[in-house]
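The values are calculated or read from the model by the stated rules, or taken from the named source; none is laboratory data. In this text, all values refer to a predicted model and were calculated from it rather than measured experimentally. Glycine also receives a Cβ, built like all others from the backbone with ideal geometry; neighbour counts cover every protein chain displayed. Accessible surface areas use protein heavy atoms only, side chains included; no ligands, DNA or RNA. Shrake-Rupley method; radii C 1.70, N 1.55, O 1.52, S 1.80 Å.
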Amino acid sequence: MGRTIIISNRLPVKIQKDKDDNLVFKPSEGGLATGLGSIYKEGDNVWIGWPGMYFKNKEEQKEVEAELEKENMRGVSLTPEEIKLYYEGFSNETLWPTFHYFNQYALYKKSYWQAYEKVNKKFCEAVLKVARDGDTIWVHDYQLLLLPDLIRKELPHVSIGFFLHIPFPSFEVFRLLPWRRQLLDGVLGSDLIGFHTYDDMRHFLSAVSRISYISNQNGQITKDGRTVVIDAFPMGIDYDKYSNSAASPGTLSREVAYRTSLGDQKLMLSIDRLDYSKGIPARLQIFDLFLEKYPQYQGKVSLMMVVVPSRDKVGKYKDLKQEVDLLVGRINGKYGTVNWTPLHYFYRSFPLEDLSAFYRMADVGLVTPMRDGMNLVCKEFVASKLDQTGVLILSEMAGASKELSEAIIVNPNDKHQVRDAIKQALEMPQDEQVKHMEIMQATIKKFNIHHWVNLFMSRLNDVHDKQLKMSTKLLDDKIEKSMMKDFEKSDCRLLMLDYDGTLTSFTGNPEDARPDDELVELIGKLAEDDRNKVLVISGRDKDTLQKWLGDLNVEFVAEHGVWARRIDEGWMMTDSLDNSWKEDIRPILEIYVNKTPGSLLEEKDFSLVWHYRRVETGLGELRAREIISHMKYLAVNMNLQVLEGNKVVEVKNLEVNKGKAASKWLEYYDTDFVFAIGDDWTDEDTFKAVPQEAYTVKVGDRRSAARFSVNDTKDVRRLLRQMAESKSPVKADKS
Ligand code: GDG
């Protein structure tokens, strides 16, 4: 059993010096640390990250490292310069603003990028000191986007998961980053990539499709022959921790004390790190608008605003702090009275019991970020409401809004809407509050942090298992010999051969892939032995196959199964299929032909094919992505499938595939040897349709449902040559 290695920018521990200069380790209370605590503390699992301090000298470093090791942690030591450029710089001044749609704040500095690359490599070195094949590695967040691929290059078979805690922006925003391609390649070194929401996942897949030219199938992509699964895993909180804390005597006594000082008034609460993504100034302006429009609430409602200091060395955060200070002063100055302070503003953090007391006391939780990956504060507010009263106002820009639809959902940019939502929340009847709170509590309780960790980890294991199963074995000498033995002793051999990429290599023009003399001779020779039933099973049109190989004693399946030709028979259409969809799809594909020089549209009997082999590199792939997303959208309602082949996109009726055709051939013959070989994913249907013991062989890429793989068309010809020249005698009783 391998170990689990967790990696994040910061370790789940705060290291400080006490007054006597002794090191003090304080475990972090963050949700992630709680959720993963049960994992990294077990056995020889580890958590790797920056300990959050600079070492004065080697002795201090050794002392800290020894302490960390006792707690199953390993530190990555970073210099002040590295923190400045990699963490404050690239992570927080380039990636953070871009990923939160504040791209106007993003700085694109080469020195930041170089430090980001360097520090990711440093993390990789720290991982390699402990990791080995068989381990499971879970990398966290935007500071370490390059790490999965760096690890993959060194440990190709290790299982790597990645989770992004912040939003993933739309392609149009992500593309602004000068290092977009490297960032995607970095994270695609993972086996499983998790996001908080389905929208983040969709944006990521679209960026991968548009930038790396890799399309997805139900959230799965293939990168360098490896399957990468992308999915949404909305993160939860430690529900019991917050509900227990809300019931603790320490919290209750604090609540009594605070209530007494505040007097009899309604309380709204907001808690955030100081960050422009959290919409703090806009929230203050909204509170101002509220008091102005509804003066009856002046003296009756206060907003308690906890702002936790964060990233105070980054320029934008300093400006923000000033803006917030100014607004708070202005509002309190404008409305405050001797008996009433509209805003209780705290620029510091509080212990959990204070936080719990605030959550309990608040009539309204005001959570209005401009953009937030998930937002855990709103979930903690709900979990702390033991009597189920209270109302949550939640921004639709927070990932949590996808789960908590019983909150009052608002657009934080629509200040008048939020202003009125505050009034609605303050006036909501109690039974209605309870009804909504009950549903939200049930959701948050069930999908808690432990559920999240288990779900991610078990999915990562599944993906890894599936990859092992999908990874075919190279057809080596030993297998080849045993295959030939089986071949020689059999009396009825079905040989299913894909054409392009299998019998011949790809060429610039599909017409140029006509069989060379050697191939014609080889197939002819194979077919001479009437124990060999040779079936060429191709996506090509029937006329081409007829012209090229029609004189041989072989059978055909053309257009992935639309047409078939048996020995001594003419071409027959397999099924009667509806073709009316072509009238709608052809004009759309023609538009793409017109705007993509070098591309062409081929019309087959039951499909339309857009070829881009001769289109400028990059442009063809880009257009192909556009066509695929366009067509997939239409395909759902039109019973069509969109197939992506080598430099082609083919649209055809859903009922046609090579697997169906292969099954028919298995019925035609009483076979005792089945061989199927092909190179692209349309051949996967054939591999799945034949009996398990059949010799299924994938050409090229080793991720396949086939049992074996070979490298290229040369290997294919070598195998077929052996079969063609096999001198196995025909058994007497059958001759
Ligand atoms: C990132 C993403 C995503 C706050 N003040 C105090 C305090 N806190 C705790 C809260 C909560 C946490 O900090 C804040 O978490 P959020 O999720 O709200 O926001 P980020 O820090 O921006 O986190 C975010 C998250 O990662 C997880 O994936 O949800 O979208 O931006 O737990 O309670 N804790 C204490 N005292 C405070 O004063 N003890």
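See the values below:
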item: Theoretical FRET efficiency, 1/(1+(r/R0)^6), r = Cβ-Cβ of residue 176 and residue 458, R0 41 Å, to 0.05; result: 0.70
item: Anisotropy class of region 1-157 from Cα gyration tensor, a/c 1.5 cut; result: oblate
item: Two-site FRET efficiency, residue 300 against residue 446, from Cβ-Cβ distance with R₀ of 30 Å, rounded to 0.05; result: 0.25
item: Relative contact order of region 239-446, defined on C-alpha pairs under 8 angstrom at six or more residues apart (%); result: 26
item: Heavy atoms of residue 211 accessible to a 1.4 Å probe, total area in Å² rounded to 10; result: 20
item: Under the span-like rule (Cα at least 27 Å along the axis, Kyte-Doolittle mean at least 0.0), DSSP H helices of the chain; result: 619-638
item: Residue 547/residue 414 FRET efficiency (R0 56 Å; Cβ-Cβ; nearest 0.05); result: 0.30
item: For the chain: relative contact order, % (alpha-carbon pairs under 8 angstrom, 6 or more apart); result: 9
item: Rg [Å, one decimal], Dmax [Å, integer] - the chain, C-alpha atoms; result: 31.9, 113
item: Region 420-548, accessible area per residue, ligands and nucleic acids excluded (1.4 Å, Å²); result: 48
item: Candidate residues 258, 142: accessible-area rank, largest first, probe 1.4 Å; result: 258, 142
item: Exposure ranking of 531, 718 by accessible area [1.4 Å probe, largest first]; result: 718, 531
item: Antiparallel content of DSSP bridges confined to the chain, in %, to 5; result: 30
item: Mean ellipticity per residue at 222 nm, deg cm²/dmol - from DSSP H runs of n ≥ 4 across the chain, formula -39500 (n - 2.57); result: -13000 deg cm²/dmol
item: Gain on full stretching of the segment that runs from residue 636 to residue 247 - 0.36 nm per residue minus C-alpha separation; result: 134.9 nm
item: Accessible carbon and sulfur surface of region 500-571 relative to its total accessible area, %, 1.4 Å; result: 43
item: Globularity index of region 294-417, i.e. its alpha-carbon radius of gyration over 2.2 N^0.38 Å; result: 1.12
item: Potential lengthening between residue 352 and residue 484 on full extension [0.36 nm per residue; Cα-Cα distance subtracted]; result: 40.4 nm
item: Full-extension gain in nm, residue 79 to residue 477, via 0.36 nm per residue minus C-alpha separation; result: 138.0 nm
item: Region 558-716: relative contact order as a whole-number percent, Cα under 8 Å and 6+ apart; result: 15
item: Probe 1.4 Å, protein heavy atoms only - accessible area per residue of region 582-653 in square angstrom; result: 45
item: Protein accessible area in region 255-414, 1.4 Å probe - carbon and sulfur %; result: 50
item: Accessible surface, region 1-118, averaged per residue in Å² (probe 1.4 Å); result: 50
item: In Å², nearest 10: area of residue 567 left accessible to a 1.4 Å probe; result: 60
item: Accessible surface of region 582-653 [probe 1.4 Å, protein heavy atoms]: carbon and sulfur percent; result: 51
